[in-house]
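The values are calculated or read from the model by the stated rules, or taken from the named source; none is laboratory data. This is a predicted model, so every value here is computed, not measured. Cβ: placed from backbone, ideal geometry, glycine included. Neighbour counts: every protein chain shown. SASA here: full protein model, heavy atoms, side chains in, ligands and nucleic acids out. Shrake-Rupley method; radii C 1.70, N 1.55, O 1.52, S 1.80 Å.
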Amino acid sequence: MCGIFGFNWSDDQYLRKAVKKTAHRGPDATGFYNNGRVSLGHNRLSIIDLSKAGKQPMSNESGDIWIVFNGEIYNYLDLKKLLKKRHEFKSNTDTEILLHLYEESGTEILNKLQGMFAFCIYDLRKKRLFLARDRAGKKPLYYYNIKDKFIFASEIKAILEDKDIKRTVDLHALQSYLTFRANTIDKTLFSGIRKLMPGHYLIYNLKENKLALGKYWDLKENNEMVNFNYAEKELKRLLEDSVKCRLRSDVPYGAYLSGGVDSGTIVALMNKFVSVPIKTFSVGFNIEKYSELSEARFLAEKIGTDHKELVIDDKSLKYLPEIVYQGDEPMSDPTAIPTYLLSKFTKKYCTVILTGEGADELFAGYPQYKFMKAHYYFVRPLPRIARKSIFLTIKKTPDSILNKAFRFSSALGEKGKERFKNFLLSNSFSEQYLNQVAIFNQEEKKDLLLSNIKKEDYCKNYEKKYFSSLRADNLIKKCALLDFKEPMVDDLLMKIDKNTMAFSIEARAPFLDYRIIELSAKIPDDLKLNGFTKDKFILRRVAKDLIPKETMHRKKKHFFVPIESWCEKELSSLRDDLLSTNYLNKQGIFNPEYIKKINRGFNNSKLFYSRQLWSLLVFQIWHKQYIENEKVKI
């Protein structure tokens, strides 16, 4: 795992300053290449072959192909066997595999790679830069291309060392952020800076200064369905192989362990391939009823790991500005705080960490899938008047009973119930879905953003993109595809990447092996969400002999971060400052009247409005730090 950077001209000062900005991604070595036409920089985090032979930028034998690479190629030993007959190797790294593979196959190499990666290959013979990002989007890659200037980097903060780049907010990207608490489109929050999307490559023609994008992989709905026996056996085989190859490392490794099925399955499989106890790490707040630490401890004892815990409290809030800075773009997932602090804690013991990311998207682990299925079968056939009656009944139901069905029902309050009413009454699948998951839905964004800002119609766009040709047997697949392509990448995966790499830790996600992803597309919906309550059905069947039955049947417990209390108390002064009418009028993005509406309704819908306030405050902190270039302290 490393940091990469480059541009299409010569400027040693900019090169060194930019690479220094991402030193946390690779503290073990720094490398530069500049031939007067192209400049490349690299921060190395040594994982495989710790010798100087693995230093980057790296070239082939003849010196006419250079590479900077971030990530891991898990099938590099198999590829090396094929290449060894025709090439001379000077290291044991997977980086060198890419060089020689490119010599033989050019841009066709991408379909041969099993791993997580973002890289740039500079081909002097063809006078081009070839950039690529892994299929799921585990490794970030950003670029800037205005006129004849082309820059790329693992993190935006490196690009911004070019002081000629104007820092302004991209309002299309902002609306995506307000929807998903992370920006999921190919534009970033910085006007002019873009992301190379997952499963894509980029070729920059240095002779003509032209950029071309291409897609080499995509997850699509698959009509070829597998049966239960095949799905169970193949998923188990692939998970074992995925975990095994992710244990290749010349530095200490471990795993993040919650009390659930996903991370528990990964740790149990790791345990099959080692002779000493796996190091596992858990984090929780010092509020017992919301913490998963006891569940994680139970699981660690049953599996037999070398387990360590980190207990955090309200003082952890002071790290928020630094976490926002590390993210490059605003990400308002509150669990970024415990992830950041756990990574800081873990670095004392490990450099490589395995995680359970991706299982909920691939095997239907989220509660919204259950609601969507229930709506399709029980609500959709009903006339509007009957749906209203359902809502009125639910509205009169005591909170104590509602909380048994959904843990945070009462905390969502009146606004949460209003969203649920919209969900019940709608026949649009995208509108139903977004009313459950969006921080700000379509109407709320219209009220929040000033009238001169053109509003994106996410319901209309997503209805066409994800929910066309919907049937009873592919409803869950459609919903999961949206999650896989949108919030998973820029919320979950970027949260993990930015907050682990802040402390030079490489995170690996075995569930997101592309072979498992492609298998999941062939698994029928009813083997993922069986009935209306049995989520991750096929994964639980695979895990039944790996983890305790108590863990198998425990209800999913979302990680708790006390943002309600923080928005009301600890963040009150920051809230008064960054969301004041004077500041908002000066900024020219948000309507102060919506903030007043939040303040008036906060006590009746604390959890609902605290999620919105948290997202707005994270954006404002980001705006202060990156757009206004001012520090923020909590």
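Rolling a 1.4 Å probe across all protein chains gives R297 an accessible area of roughly 100 Å². Computed with a 1.4 Å probe over protein heavy atoms only, the accessible surface of the stretch 422-547 comes to 33 Å² per residue. Candidate cross-link partners of K90 among the lysines, defined by an alpha-carbon separation under 16 Å and a same-chain spacing of 8 or more, comprise K52, K55, K80, K81. Under the combined filter of DSSP loop state and at most 15 neighbouring Cβ atoms within 10 Å, the stretch 547-634 retains these GluC sites (Glu not before Pro): E628, E630.
For K289, the accessible surface of its heavy atoms amounts to roughly 140 Å² (probe 1.4 Å, protein chains only, rounded to the nearest 10).
Please check which bits of the stretch 310-344 a label hung off V251 would reach, taking the label as a point 7 Å along Cα-to-C-beta and the cut-off as backbone N under 17 Å. Those under the cut-off are 342-344. Its Kirkwood hydrodynamic radius, worked out from the mean inverse distance over all distinct Cα pairs, puts the stretch 483-597 at 18.9 Å. For the listed residue pairs K318/K396; K348/K633; K302/K348, the alpha carbons are over 32 angstrom apart in K318/K396. Using C-alpha pairs below 8 Å separated by at least 6 residues, the relative contact order for the stretch 474-574 is 18 percent. At R0 = 60 Å, how high is the FRET efficiency between N209 and K396 if r is their beta carbon distance? Nearest 0.05 is fine. According to the calculation, E is roughly 0.35. Let's test the formula: R0 of 35 Å, r as the Cβ-Cβ distance of D306 and S565. What FRET efficiency results, to the nearest 0.05? The pair D306/S565 has a calculated efficiency of 0.55.
Built from the Cα atoms of the chain, the convex hull projects on average onto 27.6 nm², one quarter of its surface area. Straight Cα distances below 17 angstrom link K289 to the lysines K404, K555, K556, K557, with same-chain residues fewer than 8 positions distant left out. Shape annotation for the stretch 150-309: C-alpha extents along the principal axes are 59, 46, 36 Å, from largest to smallest. For the stretch 204-295, chymotrypsin sites (Phe, Trp or Tyr not before Pro) meeting the loop criterion (DSSP other than H, G, I, E, B) and having at most 15 other Cβ atoms within 10 Å: F273.
In the chain, taking the dipole from charged Cβ atoms about the Cα centre, the farthest positive-side position among S105, T168, S469 is held by S469. Scaled against 2.2 N^0.38 Å for its residue count N, the alpha carbon radius of gyration of the stretch 43-139 is 0.98. Going down the table (K315/K417; K149/K195; K138/K210; K460/K597; K20/K344), which pairs top 24 Å between alpha carbons? Among K315/K417; K149/K195; K138/K210; K460/K597; K20/K344, the Cα-Cα distance tops 24 Å for K315/K417; K138/K210; K460/K597.
Taking the accessible area of the stretch 16-161, probe 1.4 Å, and keeping the other protein chains in place, the carbon and sulfur fraction comes to 47%.
Remark: the K166-K233 segment gains 18.8 nm on full extension, using 0.36 nm per residue and subtracting the alpha carbon distance. When the chymotrypsin sites (Phe, Trp or Tyr not before Pro) in the stretch 505-603 are filtered for DSSP coil states and for at most 14 other beta-carbon atoms within 10 Å of their beta-carbon, the remaining sites are F532. Our helix-only sum for the chain, with -39,500 (n - 2.57) per DSSP H run of n ≥ 4 divided by its residues, gives a mean residue ellipticity at 222 nm of -12000 deg cm²/dmol. When the inverse distances between all different Cα atoms of the stretch 309-360 are averaged and flipped, the Kirkwood radius reads 12.4 angstrom.
Over the stretch 286-403, the pair-distance histogram of Cα-Cα distances with 5 Å bins from zero comes to 2, 7, 11, 14, 16, 13, 11, 10, 8, 6, 2, 1, 0 percent, rounded to whole numbers. Modelled this way, with points 7 Å down the Cα-to-C-beta line, the labels at S191 and A374 are 4.5 nm from one another. For the pair E104 and N604, a Förster radius of 51 Å applied to the C-beta separation gives a FRET efficiency near 0.20, rounded to the nearest 0.05. Residue separation of L124 and D49 scaled by 0.36 nm, minus their Cα-Cα distance, works out to 24.3 nm of gained length.
Just the number, please: percent antiparallel of the DSSP beta bridges in the chain, rounded to the nearest 5. Antiparallel bridges: around 75 percent, rounded to the nearest 5. Normalising the average separation of contacting C-alpha pairs (under 8 angstrom, six or more residues apart) by the number of residues puts the relative contact order of the chain at 16 percent.
Rg/Rh for the stretch 228-327 stands at 1.06; both radii use Cα atoms, and Rh follows the Kirkwood definition. Within straight-line reach of K478, meaning a Cα separation under 16 Å, sit the following aspartates and glutamates at least 8 residues removed in sequence or on another chain: D218, E221, E224, D360, E361, E431, E463, E486, E518, D525, D526, D535. Only protein atoms count toward the accessible area here, which uses a 1.4 Å probe; on the stretch 197-323, the carbon and sulfur part of that area reaches 47 percent.
Computed from point charges on the beta carbon alone (+1 for Lys and Arg, -1 for Asp and Glu), the dipole magnitude for the stretch 410-472 about its Cα centre is near 180 Debye. Note on K555 and E443: their simple-model spin labels are 2.9 nm apart, each label 7 Å out from Cα toward Cβ.
All C-alpha to C-alpha distances of the stretch 13-64, sorted into 5 Å bins beginning at zero, yield P(r) values of 5, 19, 28, 22, 17, 8, 1 percent in whole numbers. Computed extension length for F298-K344: 14.2 nm, one decimal, from 0.36 nm per residue of separation with the Cα-Cα distance subtracted. Modelled label positions at N35 and K534, each set 7 Å beyond Cα in the direction of Cβ, lie 6.0 nm from each other. Could you work out how far the C-alpha centroid of the stretch 417-434 sits from that of the stretch 163-178, in angstrom? After rounding, the separation between the Cα centres reads 29 Å.
Between the stretch 446-512 and the stretch 296-375, how far is it from one alpha carbon centroid to the other, in angstrom? The distance from the Cα centre of the stretch 446-512 to that of the stretch 296-375 comes to 18 Å.
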